[in-house]
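Colleague: One structure, pasted below without further comment.
The values are calculated or read from the model by the stated rules, or taken from the named source; none is laboratory data. Owing to the predicted nature of the structure, the values given are computational and were not obtained by experimental measurement. Note that each Cβ is placed from the backbone with ideal geometry, even for glycine, and that neighbours are counted across all protein chains shown. Accessible surface areas use protein heavy atoms only, side chains included; no ligands, DNA or RNA. Shrake-Rupley method; radii C 1.70, N 1.55, O 1.52, S 1.80 Å.
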Amino acid sequence: MSVWGGMELDQIDIRILRQLQADADIATNRLADMVGLSPSACLRRVTKLRRDGVIARTVAIIDPALVGRPLTAVITLEFALHGPSHRQEFIEKVRKLSAVRQCFMVTGEVSCVLTLHMRDMDEYLALTDELFNSDPNVEWFRTYISVQTVKDDPGVAF
């Protein structure tokens, strides 16, 4: 038994998590065969992993370009003032915007890194006005438009 981030997970749990990251639609019987458990024991473990929050949610990963969101941008920004109270309005806006797929408050030379999937440059310009240009606490931002996706693996490395 190993402790991973405060959770006690054994090698079977890790094998279950690896398989579910690769294919969350896998049938319980097939998953059980792959990890060496009976289907009922496997289902109990998956249920416990969900209940304990190890499996935070199950989602479909959709190709943004195939659903009309081909423009991917990574944006870095610096806040003029730091601390949660100064960033709260920005955080609330980010949480409401569906084009913003990821937002990380980070340490280092920038305050925040965002990933966005958009229809086109018109949507990009509207979003930059709403998020950055209208926020007096955003000191500056830089945009990096993706020209090729080399790897996009949303899973966790074990």
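Colleague: If you scan region 49-67, which residues turn out to be loosely packed, with under 11 Cβ neighbours inside 10 Å and of a type in the set (Gly, Ala, Ser)?
Modeller: Gly53, Ala56, Ala60
Colleague: Still on this structure, I have one more. Name the residue, out of Ser98, Ser38, Ser85, Ser111, that is of a type in the set (Gly, Ala, Ser) and in contact with an Asp or Glu (Cβ under 6 Å, 6 or more places away or on another chain). It would help to see each step written out before you state the result.
Modeller: On the way: Ser98 fails: in contact with an Asp or Glu (Cβ under 6 Å, 6 or more places away or on another chain); Ser38 fails: in contact with an Asp or Glu (Cβ under 6 Å, 6 or more places away or on another chain); Ser85 fails: in contact with an Asp or Glu (Cβ under 6 Å, 6 or more places away or on another chain).
One residue alone meets the criteria, Ser111.
Colleague: So, in region 128-158, of the ones that are farther than 20 Å from Thr72 by Cα and outside any loop (DSSP other than H, G, I, E, B), which residue ends up least open to solvent (accessible area, probe 1.4 Å)? Let's see the steps before the verdict.
Modeller: Filtering region 128-158 for residues farther than 20 Å from Thr72 by Cα gives 134-139, 156-158.
Applying the additional criterion that residues be outside any loop (DSSP other than H, G, I, E, B) yields 138-139.
On the way: Val138: 18, Glu139: 116 Å².
In this case the residue turns out to be Val138.
Colleague: Out of the strands (runs of 3 or more DSSP E) lying entirely within region 12-127, which hold 2 or more residues that are over 19 Å from the mean Cα position of the chain (by Cα) and either at pLDDT below 95 or not hydroxyl-bearing (Ser, Thr, Tyr) (or both)? Break it down into steps so the answer makes sense when it comes.
Modeller: Working: elements: 71-79, 100-105, 112-118.
Here the list reads 71-79.
Colleague: While we're here: All but one of (1) open to solvent by less than 60 Å² (accessible area, probe 1.4 Å); (2) free of Cβ contacts under 8 Å to residues at least 24 places away in the same chain hold for Ser40, so report the exception by its number.
Modeller: Condition not satisfied by Ser40: (1).
Colleague: Does any residue in region 131-146 that is more than 11 Å from Leu114 (Cβ to Cβ) come within less than 6 Å, Cβ to Cβ, of a residue that is open to solvent by less than 60 Å² (accessible area, probe 1.4 Å) and of a type in the set (Asp, Glu) six or more places away or on a different chain, and which pairs are these?
Modeller: So the pair list comes out as Glu139/Glu78; Trp140/Glu78.
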